[in-house]
Amino acid sequence: MNNLSIPKNYWDAALYEDKHAFVWQYGEDLLKFLNPQPGESILDLGCGTGQLTEKIAQAGADVWGIDSAPAMIEKARENYPDIRFDVANAANFQVGKPLDAVFSNAVLHWVKEADSAIASIHQSLKPGGRFVAEFGGKGNIKAIATALESALEAVNIPAQALNPWYFPSIAEYASLLEQQGFDVIYAMLFARPTPLADGEAGMANWIGMFASTFLAGLSSEQQIQVIRVIEEYLKPTLYRQGTWIADYRRIRIVAIKL
Ligand code: BEZ
């Protein structure tokens, strides 16, 4: 906790690359489901700093990365200057020409307007085009979210009202996809306990990177205090042998545009 710094901007690309490489490292598994082919046109929706976009490009596909955070796009362009990256929003992006596939790793739990995102994805694909995604599913980070809520409510911050996350069940998300003209051919919800980098500082780093909206109304001293309370609450269940383990649950979906 000594080096705690809650980023002032919502997405801190340096903190993301330095301490949260697991986000794209786990995402490499999802690439097997995408199975990109040379010459295919593929959108990486919520590309972050571009590591998985680059893997798709390496397969010979014509890939385009979009992310709503300008800091992430700036870093992605710096990392991979030969790939096209743009700032765009998952809930209302548009493409010039229909695509073969839309790929999305660890992003759609930030998009509460799931219907709008699915509509954008649908209109961006060719008939027969595939949508391959993984994100936080029902029950994701339940222990962390409960600790956050109780620590914040103790200082009169209405945590539920500030909650930026959407963690649907398979049934809920598959229904949304089917309603908008997708055939869901694969869906899985699974626990993926995720070790956080940096030993004892891991939970504070995670909160600084991913839960900063909850803390924005607090002074630095209050933020440190709240994070200490969360750590104490979670230590018995999520801290093992010097490493914090986040209680992630992923939903993985493959759907085809009809
Ligand atoms: C996730 O990848 O599941 C996640 C990341 C940050 C905040 C919430 C969920």
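Read-outs throughout are calculated quantities, based only on the coordinates presented, and are distinct from any laboratory measurement. In this text, all values refer to a predicted model and were calculated from it rather than measured experimentally. Backbone-built Cβ (ideal geometry, glycine too); neighbour counts: all protein chains shown.
Looking at region 27-133, the trypsin sites (Lys or Arg not before Pro) that sit in a DSSP loop and have at most 16 other Cβ atoms within 10 Å of their own Cβ are K112. Here the chain is treated with +1 on each Lys and Arg Cβ and -1 on each Asp and Glu Cβ, and its dipole about the Cα centre works out to around 420 debye.
Starting from the Cα-Cα distance between D86 and D18, subtract it from 0.36 nm times their residue separation and give me the gain in nm to one decimal.
On the way: separation 68, 0.36 × 68 = 24.48 nm, distance 2.22 nm.
Full extension from D86 to D18 adds 22.3 nm.
Please state the shape class of region 153-208: rounded when a/c is under 1.5, otherwise prolate if a/b exceeds b/c and oblate if not, all from the C-alpha gyration tensor. Here region 153-208 falls in the oblate category.
Given the pairs K55/K235; K19/K235; K32/K138; K97/K142, which span a C-alpha to C-alpha distance of over 28 angstrom in this model? From K55/K235; K19/K235; K32/K138; K97/K142, over 28 Å: K55/K235; K97/K142.
The distance between label points at N35 and V155 comes to 5.0 nm (points 7 Å beyond Cα on the Cα→Cβ vector). The alpha carbons of the chain stretch over 52, 39, 33 Å along the principal axes, in descending order. Each residue of region 133-141 was assigned a 3J(HN,Hα) from its phi angle through the Karplus expression (A = 6.51, B = -1.76, C = 1.60, θ = phi - 60°), giving 9, 9, 6, x, x, 3, x, 4, 6 Hz with x at Gly and Pro.
Taking other Cβ within 10 Å of each residue's Cβ, how do S116, S219 sort, fewest first?
By the 10 Å Cβ count, ascending, the order reads S219, S116.
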